[in-house]
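The values are calculated or read from the model by the stated rules, or taken from the named source; none is laboratory data. Just so we're clear, the structure is a prediction, and the values are computed from it rather than from any experiment. We place every Cβ from the backbone using ideal geometry, glycine too, and count neighbours over all the protein chains shown. For accessibility, only protein heavy atoms count, side chains too; no ligands or nucleic acids. Shrake-Rupley method; radii C 1.70, N 1.55, O 1.52, S 1.80 Å.
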Amino acid sequence: MLIDTHCHLDASEFDPDRTQVAEAAWAADVRRIVIPAVEVANFATVQDLAAQIPGGAYALGIHPLYVSRAQDADLDTLRQAVIRALDDPRFVAIGEIGLDFFVQDIASGEPRERQEYFYDAQLALAAEFDLPVLLHVRRSQDILLKYLRRRTDVRGGIAHAFNGSEQQAHAFVDRGFALGLGGAMTYPRALQIRRHAVDVGLEHLVLETDAPDIPPAWLYEPHRRNSPDQLPRIAQVLAELRGQSVSDIAEATTATARRVLPRLALQD
């Protein structure tokens, strides 16, 4: 059994064949797919989709690159949505939240401070309801950690698509986060990510696709759509890097996903 801890199955790229994609993932032994929201407008979409597919789960949050079109009132809307979702066993985390300093000038020219405001407010919400978070980490590791050091009551979660330094990796792990590994790890030139895949304890790693984005090496040309049924082959790459069996990788990453996202167990 495998768990895709980060998959945007609601994306428009899946509109023609979303049901078939979910069925293919299930047939490939991907038995949980976590679908994170990115803005208030798709809260209901990810909730409904998680209920429609086998093994579906979801998170609610406001992505840093969607802050540019968010209003302060959206934070209250998020809080109310979280309260309503607490009785839903498919609801597992606050996410996707975080910071993205790769895209310096996002659509409306919102400064970093705006992203940080939404990030901190959503960390507070996660702490209030004792929920883990799905972190978007893009050239922002140290600032993300700065806020986590201030909010010691955040239970942890997953540092999605992690590509920081060894020191930063340990800092996230020490704060209860697993590191998300996906398609980027499959590229031989991704030396830093591959070092984390080998050096970080397997009990601190989870698998993800970020589908339809971050396609693995075998889908790169001609920029084909990523999908959750690619997870077994991604697991195979991690197994080869670590010199372990695929079954060991599947068992350990599944256990880690359930530990850092404990509400996943509500679906068992």
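Of the solvent-accessible surface of the chain, computed with a 1.4 Å probe over protein heavy atoms with every protein chain present, carbon and sulfur atoms account for 47 percent. Would you mind getting me the FRET efficiency between Gln71 and Leu266? Use the beta-carbon distance for r and R0 = 25 Å, nearest 0.05. The value I calculate is 0.20.
In this structure the stretch 108-165 gives 42 Å² per residue of accessible area when probed at 1.4 Å with all protein chains present.
Over the chain, the Kirkwood radius and the radius of gyration, each from Cα atoms, give a ratio Rg/Rh of 0.93.
Sequence-distant or interchain residues sharing an amide H contact under 5 Å with Ala93, placed H: which? Those qualifying (amide H under 5 Å, at least 5 residues apart or on another chain) are Leu60. Approximating the spin labels as points 7 Å out from Cα along Cα→Cβ, the Gln167-to-Ala239 distance works out to 3.7 nm.
Available extension along the chain between Phe101 and Trp218 is 39.3 nm, counting 0.36 nm per residue and deducting the alpha carbon span.
Sorted by average packing, counted as other Cβ atoms within 10 angstrom per residue and highest first, what order do 52-62, 234-244, 135-145 take?
Per-residue mean Cβ counts within 10 Å order the peptides as 52-62, 135-145, 234-244.
Taking the stretch 118-242 on its own, what percent of its Cα-Cα pair distances exceed 24 Å? Result: 29 percent of Cα pairs exceed 24 Å.
Loop-resident chymotrypsin sites (Phe, Trp or Tyr not before Pro) (DSSP state other than H, G, I, E or B) in the stretch 104-181 with no more than 14 further Cβ atoms inside 10 Å of their Cβ: Phe129.
For the pair Phe129 and Ala41, label points projected 7 Å from Cα toward Cβ lie 2.2 nm apart.
Helices in the chain, meaning DSSP H runs of at least 4 residues, each add -39500 (n - 2.57). Divided by all residues, the mean residue ellipticity at 222 nm is -12000 deg cm²/dmol.
Rolling a 1.4 Å probe across the protein heavy atoms gives the stretch 188-252 an accessible surface of 49 Å² per residue. Electrostatic bookkeeping for Arg155 treats Lys and Arg as +1 and Asp and Glu as -1; over the other residues with beta carbon under 13 Å from its beta carbon, the sum is +1.
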